[in-house]
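Contents: one structure, followed by commentary.
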Amino acid sequence: MGSHHADRRQFLAESAALASLAVGAVESVEAQAPPPEARLKDNLAYGQPSRFDTTVRRALGAASAITDTALTTPLQDLDGIITPSGLHFLMDHVNGIPEIDPRQHRLLMHGMVDRPLTFTMDEVRRFPSVSRIYFLECNANSRPLRGPNGDSVQLVHGRTSCSEWTGVLLSVLLKECGVKAGASWIVAEGSDANKYTMSIPLSKAMDDTLVAYAQNGEPVRPHNGYPLRLVVPGWEAIRSVKWLSRIAVGDRPAMAWHEAGNNADTRPDGKALGFRFALGPKSIITRPSGGQRLPGRGFYEITGLAWTGGGAVTRVDVSVDGGKTYREAQLQQPVHRYAHTRFRFAWEWNGEEAVLQSRCTDEQGEVQPTIAEAAKILGVTPEYFLQADHFNGIQPWRINRDGSIQNALL
Amino acid sequence: MLFCERNSVSTVVVVVGMLTVLCTAAPALAQGPTYRLGTTPSADEIKARDTAVSPDGRELPQGSGTVKEGASVYAQKCQACHGLNGTGTPLHRGLIPLGNSKPVKIQGSLVPYATTVWDFINRAMPSTKPGSLTPNEVYAATAYVLFLNEIIKENDVVDATTLPQIKMPNRDNFIAVELDWKPGQRRPLGNYPRR
């Protein structure tokens, strides 16, 4: 024991000496981790769900091309506002999930800057950090009736998740490089096989965009961009570039494949709308929801999630009569801006047919529309939204007398 | 060196004046390094990694390709997924019209710039070995795909000069909704296009 303590004192002294030279921070942290032989070898080393919990899993959604993968979050099985990292949705347009050694990973920042810089992961982690709770949502989430029968909140709406992200504000890194006058855009690129590319206005990059290395307290999972991803709060998640390895500062968007036209919505008049950044206010009742069955009349707590690209959710109203009347639901506090917001609503089912739906209002005063209202704004029929993105219409679930629940949108 | 050689009073006044303008007009741009982390990349490293090609094509490399050459590249490296003449396979969407999920010829397409086609082929194709095509192969494959979509003619040559000049049929039908976004800006109501 005595010699052990002596070793430890010597180690601490050496660590302090190294730290005073500002070169030893990373090494001393690694030295504090238990040696490999002391780590648990079975799944206690990384806790796993109960063996009786077999339902909470991601589901395979419809993908549109051979290189696309769609895994949806089981919103109906989750509580609170944080999506466990292993259940975060995945909707990729890349050629497989890259395996990136963080020791080899570099973030290159260049273009219209005074000082082009390359950062190692250790260097990125040495910058002042922030933790923020943000949702991500695929712009193609919530297409009506999606999935085999459209009766599942997971298959229709499961392309959204919410995490606590930790990283460096992009503005800090950009200031370190010194953005030149006249710059107005950044172009972010991933180090996946396709070098996925997206453009973001400099104003958003300097505002609240995050370069994240941690998700829910641990390193970002590989399918979510390990070791580094962009998180662009409130915006269509196609902008939140995974496996981030390059940021070019410039004065125009790149018009890359996935932003130039590939994610544009075609309107009936032939026009195509792209660069639609902020997502609309949306709320979904996750329980009771399509595909579930109520065992009998009596008390139920209606619960669900609301979120908006407009900032904070300020109000969620719930209707149990298909939208004829609404009453205000209770919001889980605190409400975070650009985050999933849990709502709850007490309900007594009398055994008769009922249609449950929720309506979100955000801090900008924007109200989630019904599909009919959204169609009226557009001048289209509701069927238009079967193939359109950015749909944030109200989702009704019909409770039948036998307790079965169906999607009642169309 | 330039200023030393022109060490006259008038030059000094001009320089001081310029500095004053810079300091007063753009204080937010005075961004010195605060944390002094990171290393300076070499010009070669930046050049090697900066492969993106924008609509004016200024970043395009030397080289060229014809439709005929492109048909050959396509048969060897593209057809297995994209099908004969770009009409798709059960596994993959076709290339006509570009970017559409159904291999059916309709007026226009979902790609506003020909440079975007070049850039995506260059960075992402073929899916078995992305980034492996030479510039000439990318020019040729681009030419063939544009020919299949009836955007260029059989004898047209695609290179750094001609590619940015090709007007995609649906170019004027794209609306970039929030191109001039500013913090705190109100979302376009409903974010749905209104007539």
- Using the membrane-span-like helix rule (whole DSSP H runs, Cα extent along the own axis of at least 24 Å, mean Kyte-Doolittle hydropathy at least -1.0), which helices of chain A qualify? A:2-20
- Protection-proxy order for peptides A:259-267, A:287-295, each taking the mean of Cβ atoms within 10 Å per residue, highest first: A:259-267, A:287-295
- Please average, across the residues of A:340-349, the number of beta carbons from any other chain that are within 10 Å of each residue's own beta carbon, and give a whole number. 0
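At most 16 other Cβ atoms within 10 Å and a DSSP loop assignment: could you name the GluC sites (Glu not before Pro) in the range B:120-189 that fit?
The qualifying sites are B:Glu150, B:Glu154.
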- Item | Net charge dipole size for the range A:240-370 [Lys, Arg +1 and Asp, Glu -1 on Cβ; Debye, nearest 20] | 380
- Note on the structure: Quick calc, chain A, dipole around Cα centre from Cβ unit charges on Lys, Arg (+) and Asp, Glu (-), nearest 20 debye, gives 140
- Message: Using the Cα centre of the range A:179-335 as origin and beta-carbon charges of +1 (Lys, Arg) and -1 (Asp, Glu), tell me which of A:Thr197, A:Asn262, A:Ser319 is placed farthest towards the positive end of the dipole.
- Response: A:Ser319
- Query: What is the local net charge at A:Glu99, summed over the other residues whose Cβ is closer than 14 Å to its Cβ (Lys, Arg +1; Asp, Glu -1)?
  - Reply: +1
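Looking at this model, which pairs from B:Lys129/B:Lys167; B:Lys47/B:Lys77; A:Lys195/B:Lys153; A:Lys195/B:Lys129; A:Lys175/A:Lys195; A:Lys195/A:Lys282 are more than 20 angstrom apart at the alpha-carbon? Provide the component values of the computation, followed by the final result.
Details: B:Lys129/B:Lys167 29 Å; B:Lys47/B:Lys77 27 Å; A:Lys195/B:Lys153 31 Å; A:Lys195/B:Lys129 12 Å; A:Lys175/A:Lys195 25 Å; A:Lys195/A:Lys282 31 Å.
Check vs 20 Å cut-off fails for B:Lys129/B:Lys167; B:Lys47/B:Lys77; A:Lys195/B:Lys153; A:Lys175/A:Lys195; A:Lys195/A:Lys282.
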- Taking every residue in A:381-388, how many Cβ atoms of other protein chains lie within 10 Å of its Cβ, on average? 0
- Could you work out the Rg to Rh ratio of the range A:188-340, with Rh taken as the Kirkwood radius (inverse of the mean 1/r over all Cα pairs)? 1.05
- Query: At a Förster radius of 51 Å, what calculated FRET efficiency corresponds to the Cβ-Cβ distance of A:Lys180 and A:Ala408, to the nearest 0.05?
  - Reply: 0.40
- Query: Can you give the mean number of other chain Cβ atoms that lie within 10 Å of the Cβ atoms in peptide A:176-188?
  - Reply: 3
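Can you say what percent of the DSSP beta bridges in chain A, counting only those with both residues inside, are antiparallel? Round to 5.
Values: 74 of 80 bridges.
Roughly 90 percent of the DSSP beta bridges within chain A come out antiparallel.
Laboratory data are not the source of any read-out in this text; all were calculated from the coordinates shown. Everything quoted here is computed from the prediction, not taken from an experiment. Neighbour counts run over all protein chains shown; Cβ positions are idealised from the backbone, glycine included.
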